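Here the structure comes first, spelled out in structure tokens, and everything after it is commentary.
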Amino acid sequence: MIMSTDAEVSKNILEPSERIEVNTLTIACDGGGGALGHPRVFLTLKDGQAECGYCGRRYILKAGIIDRTGL
Ligand SMILES: [Zn+2]
């Protein structure tokens, strides 16, 4: 019995959005351009992640990158 596995599955079901790993705390998203694109917006990662309000993409800070926004 592994409870954590069940939690992981449930979380994934609730988060169908595309996840993109980044290595900076400030990123620009334009939806990838083309038909699915949107005006470029800049997002600042909080707690290692940020979600684009236009396309719903979720940006995840790569492991090993130090979040220094609190300094
Ligand atoms: Zn976007």
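Bear in mind that the values in this text are calculations on the coordinates, not laboratory data. Everything numeric here is computed off the predicted structure, so don't read it as measured data. So basically every Cβ, Gly included, is an ideal-geometry build from the backbone, and we count neighbours across all protein chains shown.
Restricting attention to region 35-57, the residues being among the basic types (Lys, Arg) and more than 10 Å from the ligand (Cβ to nearest atom) number 1.
Within region 31-64, being in contact with a Leu (Cβ under 9 Å, 6 or more places away or on another chain) and aromatic (Phe, Trp, Tyr) holds for one residue alone: Tyr59. Taking every residue in region 30-49 that is closer than 17 Å to Arg19 by Cα and pairing it with any residue that is of a type in the set (Val, Ile, Thr) and within 13 Å of the ligand (Cβ to nearest atom), at least 6 positions away or on another chain, the pairs with Cβ-Cβ distances below 9 Å are Asp30/Val41; Phe42/Ile27; Leu43/Ile27; Thr44/Ile27; Leu45/Val22; Leu45/Ile27.
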